[in-house]
Amino acid sequence: MRIIAIANQKGGCGKTTTAINLAAALGRNGRRVLLIDLDPQAHASLGLNVESQDSIYNVISRLTPRKLRLENIIQRIENSFDIVPSNILVGTLEQELADEIGRELKLSEVIATVKENYDYILIDCAPSLGILTVNALRASDELIIPVETSRFSIQGVEHLLDIVNLVRDRLNHAIQCRVLITMFDSRLRHSFAMLETFRQKFSELLFDTIVHTSVKLKESAVLGQTVGVYDKYSRGTKDYFTLSKEIICAEKKQPAPAAASVEPKAFSEKMGTLIRQEVKDVQQLFPVRFSYDAAAAKSVFVTGSFNDWSLDDHCRLTQANGKWEAVIALKPGVYKYQFIVDGVWKEDSRNPNKERNSFGDINSLIEVTANG
């Protein structure tokens, strides 16, 4: 179970857009997701056509005449995707909590009552560095900082990282931080120049996924829909689906719990047959070399049906003499794949075997035969 805050005190960076559409994309990947709107402006709630007199204020506040539990105000948006709405009263919590003991733990306490019901809890923070944002950071294990490619965004990231360090030092709570490039306009040289600046300054923190400028993201918010519902073939839908896959990949890197000491038992005949078959299948792997010509690229991945379209170090290509290459061991079969070059999906232009996918663009096809 992962709790992720999405925060940036600078407005206009795609924070709420990311919160809404990442939650929906994680839900479409089979994860149970709760989005908590902690912004007094209630943009996440409004962006999903959720209007309610009851909000997170009624759960945290001690002064409200209508005290509620968190589960009382949760609303279903899409399959496996719920929201805790906000309203203007949430802004009064800053003053109400100012003199309370343990004020930084209020959100953690209310989340604890429902956390077992979800795989992910996302928190859309207020565009400020006040008590509400500190509550969100203290309740979270991870932080996503959406930024658009401008000089002012760099300063905003630095200020937020200072708050993260303060939470670590004062509240003894460490948070894993990641920076997400949003509203990226690939038509402008300035965008690429600033992208390189971000890579140099925050290289270890940057997501590989880049969210591009898309009018569909704005149109979907006006209609109170996620972009995946509004236009499942749009660039915005694809970008947030890719981001969700990148985040889900981190699940595989979580350390497994220590196994209990038990007496070994003999396998049943059926289980023994299955294991021998699996071992046989594992041995039937053949090296496949993927290559892509892009001397100016900063990163290239190959992903496809052979790895459930995920992004990890196993599918990262390495550069040599202007060409990016990776060798991946595959079982015999037909696979769909694409390259991701600096966050942009690309077909294999040298492979004539192709098909159009559900996003409206092209998958390349490769067949691995039993003789390699």
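Residue 143: within 21 Å of residue 108 (Cα to Cα), part of a helix (DSSP H, G or I) and in contact (Cβ under 8 Å) with a residue 60 or more places away in the chain, yes or no? The answer is no for residue 143. Considering region 89-141, and only residues there that are of a type in the set (Ser, Thr, Tyr) and surrounded by fewer than 17 Cβ atoms within 10 Å (Cβ to Cβ), the residue that is nearest to residue 53 (Cα to Cα) turns out to be 92. Looking only at residues in region 1-12 that are modelled with pLDDT under 90 and buried (at least 24 other Cβ atoms within 10 Å of the Cβ), which one is farthest from residue 85 (Cα to Cα)? Residue satisfying both the conditions and the ranking: 8.
Restricting 132, 160, 122 to residues that are part of a helix (DSSP H, G or I) and under 24 Å from residue 71 (Cβ atoms) narrows the list to 132.
Could you list, in sequence order, all residues of region 40-74 that are closer than 23 Å to residue 127 by Cβ and surrounded by fewer than 15 Cβ atoms within 10 Å (Cβ to Cβ)? Selection gives 49, 51.
Scanning region 102-119 for residues that are touching a residue at least 60 places away in the same chain (Cβ under 8 Å) and in a helix (DSSP H, G or I) gives 104, 107, 111, 115, 116, 117. Identify, please: which residue in region 287-331 is surrounded by fewer than 16 Cβ atoms within 10 Å (Cβ to Cβ) and either part of a helix (DSSP H, G or I) or outside the structural domain of residue 356 (by TED's automatic domain parsing) (or both) and is, among those, modelled with the highest pLDDT? The qualifying residue modelled with the highest pLDDT is 305.
Answer with yes or no whether residue 192 is modelled with pLDDT of 90 or more and out of contact with any Leu (no Cβ under 9 Å at 6 or more places or on another chain). Spelling it out, it is not the case that residue 192 is modelled with pLDDT of 90 or more and out of contact with any Leu (no Cβ under 9 Å at 6 or more places or on another chain). Taken together, the criteria exclude residue 86 from residues that are surrounded by 18 or more Cβ atoms within 10 Å (Cβ to Cβ), more than 13 Å from residue 126 (Cα to Cα) and assigned by TED's automatic domain parsing to the domain that holds residue 118. Remark: pairs (first residue in region 165-192, in the same structural domain as residue 242 (by TED's automatic domain parsing); second residue assigned to a strand (DSSP E or B) and polar (S, T, N, Q); Cβ separation under 9 Å; 6+ apart in sequence or on different chains) = 180/209; 181/209.
The values are calculated or read from the model by the stated rules, or taken from the named source; none is laboratory data. Just so you know, these numbers come straight off a predicted model, no measurement behind them. Here Cβ is always computed from backbone atoms with ideal geometry, including for glycine, and neighbour counts include all displayed protein chains.
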